[in-house]
């Protein structure tokens, strides 16, 4: 289907993926202004079930799973036991003894091994990544367009909630108001055998609203404009959630004895050397992963983790780990690009609110 729609395909962590259809900027603007559909079937999914399910998920994730109710989704990360992050993930609570974990495609095996290693309490853990396909329908018109495919009310669903519904004539679809774009919408999980049928139905239902298929390229520019971290760039096995600005998913509440809690607590209290900060280019330049960040005298004060030309702002934007004097909004930094020192300013994320 991707090829029929003119996709440029690339290899991505062992999957053949569409990087773009019409072009990254057009696809990006489509999601910001209307709606687009991403095939994100490469993502990984695990079930955690049984009387010990809560205990395991609470142990391996940094957020407070006790705060969830049935039908609620939570963004979280797996601390690795050495102050870094195994992966970031979504936790879906079906009930007190049933959780659905959604992880990054590049980390499926690593994540499953990590959670299995810590499953000393005997929860039932199943890797169903190869059984599920997933579509992300994102944009301000997404829920309105998708309502025609189900009798269950979805347009009034709260952000980060989910329902199990009949959708496009298929029963037991997980329909979730989550996404990686900052423009609203939903993510839809289905069995592989139903994926083509549902993909076609989504494209048909969205036709009147201007839907387009969207590739991985625009997925990256959209998430960066919205200030969302990308595993492997902005966070990895060497970065702590405290340094990465993910203190809000690192919950030091009673009963939440997750891996690395004492270490992250001491980082919260005593501070960290580097923090992940957003920046906008003042000079016309595009920052890239691994570029150095320097001060006005040329001293290295950090490094860029993600960068792009923002299709909505028409400026270079990025995220970088920088040392403490450069954390404040409005602080000037410089990024050497091809021998020239280009100026940027530390900025709060999201870069684009729309």
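Structure data summary
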{"read-out": "Qualifying residue in the stretch 130-143 (condition: buried (at least 19 other Cβ atoms within 10 Å of the Cβ) and more than 23 Å from residue 195 (Cα to Cα))", "value": "no"}
{"read-out": "Residue within the stretch 19-31 that is surrounded by fewer than 17 Cβ atoms within 10 Å (Cβ to Cβ), without any contact (Cβ under 8 Å) to a residue 40 or more places away in the chain and within 20 Å of residue 93 (Cβ to Cβ) present", "value": "no"}
{"read-out": "Of the criteria (1) buried (at least 18 other Cβ atoms within 10 Å of the Cβ); (2) in contact with a helix residue (DSSP H, G or I) (Cβ under 8 Å, 6 or more places away or on another chain); (3) closer than 12 Å to residue 224 by Cα, which one residue 350 fails", "value": "(1)"}
{"read-out": "Filter pass, residue 208 being part of a helix (DSSP H, G or I), touching a helix residue (DSSP H, G or I) at 6+ places or on another chain (Cβ under 8 Å) and buried (at least 18 other Cβ atoms within 10 Å of the Cβ)", "value": "no"}
{"read-out": "Yes/no for residue 220 being assigned to a helix (DSSP H, G or I), at pLDDT 95 or above and under 18 Å from residue 105 (Cβ atoms)", "value": "yes"}
{"read-out": "Complete set of residues in the stretch 312-336 that are buried (at least 18 other Cβ atoms within 10 Å of the Cβ) and either modelled with pLDDT under 95 or under 19 Å from the mean Cα position of the chain (by Cα) (or both)", "value": "317, 318, 319, 320, 321"}
{"read-out": "Top-ranked residue in the stretch 2-16 [being assigned to a strand (DSSP E or B) and out of contact with any strand residue (DSSP E or B) (no Cβ under 6 Å at 6 or more places or on another chain); ranked as surrounded by the fewest Cβ atoms within 10 Å (Cβ to Cβ)]", "value": "11"}
{"read-out": "Scope the stretch 310-330; condition in contact with a helix residue (DSSP H, G or I) (Cβ under 8 Å, 6 or more places away or on another chain) and in a strand (DSSP E or B); matching residues", "value": "317, 318, 319"}
{"read-out": "Residue list for the stretch 73-109, restricted to those being assigned to a helix (DSSP H, G or I) and touching a residue at least 40 places away in the same chain (Cβ under 8 Å)", "value": "105, 106, 107, 108"}
{"read-out": "Verdict on residue 104 being more than 18 Å from residue 206 (Cα to Cα) and touching a helix residue (DSSP H, G or I) at 6+ places or on another chain (Cβ under 7 Å)", "value": "no"}
{"read-out": "Some residue of the stretch 62-72 being assigned to a strand (DSSP E or B), within 21 Å of the chain's Cα centre (by Cα) and modelled with pLDDT of 95 or more", "value": "yes"}
{"read-out": "Flag for residue 125 being buried (at least 17 other Cβ atoms within 10 Å of the Cβ), within 23 Å of residue 56 (Cβ to Cβ) and touching a residue at least 24 places away in the same chain (Cβ under 8 Å)", "value": "yes"}
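The values are calculated or read from the model by the stated rules, or taken from the named source; none is laboratory data. The shown structure was predicted, so the numbers you read here are calculated from the model rather than taken from an experiment. No Cβ is skipped: glycine too gets one built from the backbone with ideal geometry, and neighbour counts run over all protein chains shown.
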